[in-house]
Each structure stands twice: as structure tokens, then as C-alpha cells.
Amino acid sequence: MSYPESLERYAALGVDTEQALQTLAKTPISLHCWQGDDVNGFEGSTGDSGGIAATGNYPGRARTPEELRSDMNKAGSLIPGAKRLNLHAIYADAPEIPDRTELTSEHFRPWIEWAKEQQFGLDFNPTCFGHPMAESGFTLSSADSRIRQYWIDHCIACRKIAADIGEELRNPVVTNIWIPDGYKDVPVDRAAPRQRLEESLDTVLAADVSKEWNIDAVESKLFGIGVESYTVGSHEFYLGYAVKNQICLCLDAGHFHPTESIAEKISSALQFVPSLLTHVSRGVRWDSDHVVLLDDPTKAIFEEIVRCDALDRTHIGLDFFDASINRIAAWVIGTRASQKSLLLALLEPTDELRKLEAEGDYTGRLALLEATKSLPWSEVWNEHCRRSGVPLDTDWMKDVRTYEKEVLSGRV
């Protein structure tokens with residue numbers, strides 16, 4: 001079936017495929033830099049990993065900022081639509097990289113110039129792990145005031161970096177704070193670390209940083225390696241904190257119980273926070289950050305965002321890192337799967353479904369939901385790829401294989 005024929009099929013259900021394509025093309029997804037180098041970064045520091053580990057040793061990992069940008073260029077050339085890049089603080093690129101508390105936007109100057117050239121937006125993250133000051137397992141919630149202050153200073157520096165980048169690019173930057181703090185075994189005092197975390201975050205947010213160009217977000221987690229029994233920054237903590245302070249709440253698809261969907265949380269959270277950041281990931285039995293697929297949990301996330309008419313209040317980012325396969329292919333597969341999920345949501349005859357639901361016609365609602373699954377959405381997707389000038393799903397791996405042979409194979 002051709003695209004014009006698909007357009008007619010959808011039009012019969014009241015769905016405008018051209019409008020869906022326009023929305024899809026302008027909705028950016030923030031690719032994560034750490035997929036390209038297995039979360040190593042470029043500062044050369046040592047310390048506790050914070051429970052973060054990329055498994056596998058597929059050849060071709062990026063070893064320098066230049067190599068990472070080259071890989072990102074290749075991935076970007078195979079992904080349709082608008083794109084952003086999510087940077088962690090450990091990816092600074094400068095002749096001399098200072099302590100994390102002394103970082104400025106100039107230490108990310110090559111990334112800023114690259115973003116301008118490639119027409120990417122940028123997002124940012126403090127890196128509160130992989131550092132000697134995080135070896136105790138606690139950062140912003142540490143009982144040691146010296147450690148707390150260190151990470152407070154780092155987070156403030158990162159917010160200022162984000163604001164500078166946002167202003168220069170004329171494109172607001174999301175600064176997402178995640179910390180690894182917690183206990184491996186059952187604690188007695190669960191309250192005190194959370195009280196300290198609240199105080200630290202209050203201090204971080206009190207710093208004078210442009211709200212026009214920096215968007216603050218906080219990210220929860222159910223558990224992590226080494227903090228299986230207690231995570232200070234739980235969902236309940238950060239939901240309450242985001243509501244109280246009216247900041248962005250990050251929902252990571254891998255940071256909840258394996259049978260718990262973040263899609264269910266979206267409509268509730270949006271009633272009380274100004275915006276959401278979704279980290280689209282795929283946990284397998286736990287937060288293992290597998291490459292995103294076009295599966296039911298991923299589709300549900302985008303369905304709920306679109307059904308809530310919340311695309312303008314939702315920042316979409318990816319968060320997975322697989323070192324067992326070609327890293328560029330992982331970016332492309334995961335981003336395309338996310339975009340397809342968004343397209344499916346945009347092509348849903350939501351108005352008709354709402355009408356049936358309001359009338360109490362649940363039989364008709366169920367029948368129509370099932371019917372949409374066999375509609376020719378793939379032709380609409382192919383049209384999106386053609387208009388964006390990128391290969392179709394059956395063709396892009398040829399480019400990756402060539403790049404692997406000519407570039408990645410030389411990295412040892």
C-alpha cells in the first residue's frame with residue numbers, strides 16, 4: 001500500500017496523517033551520549049560507579065570526544081526528524097578539565113559548536129557518580145556536610161552550564177539531577193537522608209540561574225546495584241519535591257518495578273507538575289537499560305503523552321547503554337522505535353475513541369482500538385523517513401556496517 005492510499009484509510013477515521021507527520025518531524029528526542037562510550041566520560045576520574053555498568057565488549061567504543069561526535073553524526077544521519085543530545089558533566093571537552101565543581105560552559109565549547117553545526121538541541125546532567133567524593137555511596141544526602149557541599153556546588157555549576165548553553169543555542173536545556181544514594185541492606189533511619197536531600201536540592205535550586213534557558217528536573221529510581229534495599233531519591237520523594245517546587249519530574253521507564261508502567265503515571269503527574277521528562281528505556285527484570293524496542297510498554301508511554309495532549313509539556317529522552325552490540329545501531333534502533341511509538345499515538349483516532357467511551361460504548365471502543373493495530377502506519381513511517389532524507393528500516397544497517405568496517409574497526 002502506498003502513502004496516498006494510507007492517507008485515505010486514516011482520513012476515513014478522522015485522522016490527518018499530514019498533521020501527524022508534521023508533529024512527528026518537529027518533536028525532538030534527546031539521544032544520550034553515554035550509549036557511545038559505555039558511560040566512561042572523558043575526565044579520567046576514578047571512583048564508585050554509582051551502580052551503573054554497561055555490559056559487553058563490542059569493538060568500536062568511542063574513546064575521545066571527537067570519536068563520540070563522529071559516531072553521533074553517523075547515528076544522526078540515519079534518524080529522521082528533530083534531535084537533541086543529552087550530555088553528562090563527565091563529557092567535558094577541553095585541553096584541561098577542572099574539578100567538577102569548577103566546570104563552565106566553555107569546557108563544553110566543542111559540543112556547543114557541534115550542536116549548532118548539526119542542528120541538535122542539547123540537554124545536561126550533573127554526574128554524581130564515578131568520583132572519589134561519591135565512594136561512600138552518598139552525595140547530596142550524605143551525612144558528611146563536606147561531601148554534600150561538594151555535590152551541591154557541582155549541581156549549581158551544571159545548572160549554570162545548561163543556562164549558558166540554552167541561551168547561546170536559543171533553545172532551553174533540561175538539567176536532570178539523578179543521584180545514586182542509598183543502602184545495600186535495610187536501613188533504620190530512612191527519613192534523615194531524605195531530609196538532607198531536600199535541603200541540598202533547595203540550596204541547588206536557590207542559585208540564581210535563568211529559568212528561561214534552564215529547565216530543572218529530578219529523577220527517581222527504585223533501586224540500583226549496591227543500593228538494593230533503600231534509595232534516597234524514591235519516586236514518592238521526587239514527586240512530592242517536584243510538586244512542591246513546581247519543577248520538571250523525570251519518569252524513567254526502567255526505574256520502577258518490572259510490571260509497573262510509567263504510562264500510568266503521566267496523566268496524574270501532569271495535573272500537579274509543570275512538565276515531565278521521560279527517559280525511554282527498557283528494563284529486563286530490573287533496570288538493565290536495554291535498547292528501546294517498538295513494544296507495548298514503549299507504545300503506552302507515547303499513547304498517554306498524546307492522549308493527554310502533553311507533547312508541549314513533555315521532554316523526551318533516551319536512557320540505555322548496550323555494549324554487546326554495535327553502539328551506533330543501538331542509538332538508531334532505540335530512537336526509531338521511540339519515534340514509531342510516537343507516530344502510532346499521533347495516528348490513533350483518539351477523538352472517536354473518546355466519543356465512544358463517553359457514550360459508554362466500550363464494545364465499540366475495544367473494537368476500534370484493535371482495528372487501529374492493522375492500519376497501514378508503516379507506510380506513514382516510510383514517508384517520514386523519505387521526507388527526512390534518511391534510509392528506510394530495511395536499508396540503514398548497510399551504512400552502519402560500512403562505518404564499522406571503515407572507522408570502528410580501527411579502534412583498539
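For beta carbons closer than 6 Å, sequence separation of 6+ or different chains, a first residue in segment 52-64 that is in contact (Cβ under 8 Å) with a residue 60 or more places away in the chain and a second that is basic (K, R) and part of a loop (DSSP other than H, G, I, E, B), the qualifying pairs are G60/R411. The set of residues in segment 91-111 that are within 16 Å of E167 (Cα to Cα) and among the basic types (K, R) contains only R109.
Across segment 157-213, the number of residues qualifying as assigned to a loop (DSSP other than H, G, I, E, B), of a type in the set (S, T, N, Q) and within 18 Å of the chain's Cα centre (by Cα) comes to 1.
Scan segment 101-125 for residues that are under 18 Å from the mean Cα position of the chain (by Cα) and among the acidic types (D, E) and the total you get is 1.
Would you confirm, using the coordinates I've provided, whether Y10 is part of a loop (DSSP other than H, G, I, E, B), among the hydroxyl-bearing types (S, T, Y) and buried (at least 16 other Cβ atoms within 10 Å of the Cβ)? No; evaluated as a whole, the condition is false for this residue.
Of all the numbered requirements in (1) surrounded by fewer than 16 Cβ atoms within 10 Å (Cβ to Cβ); (2) closer than 26 Å to K340 by Cβ, V15 misses one, and that requirement is (1).
Cβ-Cβ contacts under 8 Å between residues 6 or more apart (or on different chains), taken from a first residue in segment 187-210 that is under 19 Å from V174 (Cβ atoms) and touching a residue at least 12 places away in the same chain (Cβ under 8 Å) to a second residue that is surrounded by 13 or more Cβ atoms within 10 Å (Cβ to Cβ) and hydroxyl-bearing (S, T, Y), are listed as L201/Y241.
All conditions but one from (1) surrounded by fewer than 21 Cβ atoms within 10 Å (Cβ to Cβ); (2) in contact (Cβ under 8 Å) with a residue 60 or more places away in the chain; (3) farther than 30 Å from L408 by Cα apply to I325; the one that does not is (3).
Condition first: in a loop (DSSP other than H, G, I, E, B) and surrounded by fewer than 21 Cβ atoms within 10 Å (Cβ to Cβ). Now tell me which residues in segment 298-319 satisfy that.
Residues satisfying the conditions are C308, D309, A310.
Summed over segment 53-73, residues that are surrounded by 15 or more Cβ atoms within 10 Å (Cβ to Cβ) and at pLDDT below 95 total 1.
Table: residues versus (1) out of contact with any strand residue (DSSP E or B) (no Cβ under 9 Å at 6 or more places or on another chain); (2) on the phi > 0 side of the Ramachandran plot; (3) not hydrophobic (A, V, I, L, M, F, W, C).
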{"position": "R109", "(1), (2), (3)": "yes, no, yes"}
{"position": "E113", "(1), (2), (3)": "yes, no, yes"}
{"position": "Q119", "(1), (2), (3)": "no, yes, yes"}
{"position": "T127", "(1), (2), (3)": "no, no, yes"}
{"position": "H131", "(1), (2), (3)": "no, no, yes"}
{"position": "G137", "(1), (2), (3)": "no, yes, yes"}
{"position": "A162", "(1), (2), (3)": "no, no, no"}
{"position": "P187", "(1), (2), (3)": "no, no, yes"}
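Elements of the type helices (runs of 4 or more DSSP H) sitting completely within segment 16-131 and holding at least 1 residues that are of a type in the set (F, W, Y): these cover 109-118. For E304, the requirement of being more than 21 Å from M1 (Cβ to Cβ) and not hydrophobic (A, V, I, L, M, F, W, C) is met. For segment 30-42, which residues satisfy the criterion of being surrounded by 23 or more Cβ atoms within 10 Å (Cβ to Cβ) and either touching a helix residue (DSSP H, G or I) at 6+ places or on another chain (Cβ under 7 Å) or not hydrophobic (A, V, I, L, M, F, W, C) (or both)? Matches in segment 30-42: S30, L31, H32, C33, Q35, G36, D37.
So for segment 370-383 (the condition being over 21 Å from A330 (Cα atoms), free of Cβ contacts under 8 Å to residues at least 60 places away in the same chain, surrounded by 15 or more Cβ atoms within 10 Å (Cβ to Cβ) and basic (K, R)), does at least one residue qualify? Checked segment 370-383: no residue is over 21 Å from A330 (Cα atoms), free of Cβ contacts under 8 Å to residues at least 60 places away in the same chain, surrounded by 15 or more Cβ atoms within 10 Å (Cβ to Cβ) and basic (K, R).
Within segment 266-297, work out how many residues are over 17 Å from A337 (Cα atoms), without any contact (Cβ under 8 Å) to a residue 24 or more places away in the chain and either in contact with an Asp or Glu (Cβ under 9 Å, 6 or more places away or on another chain) or not in a loop (DSSP other than H, G, I, E, B) (or both). Residues meeting the conditions: 1. The set of residues in segment 142-153 being in contact (Cβ under 8 Å) with a residue 24 or more places away in the chain and surrounded by fewer than 24 Cβ atoms within 10 Å (Cβ to Cβ) consists of A143, R148, Y150, I152, D153.
The values are calculated or read from the model by the stated rules, or taken from the named source; none is laboratory data. Treat the numbers as computed from the prediction; the structure is a model and nothing was measured. Cβ sites come from the backbone with ideal geometry, for glycine too, and all protein chains shown count toward neighbours.
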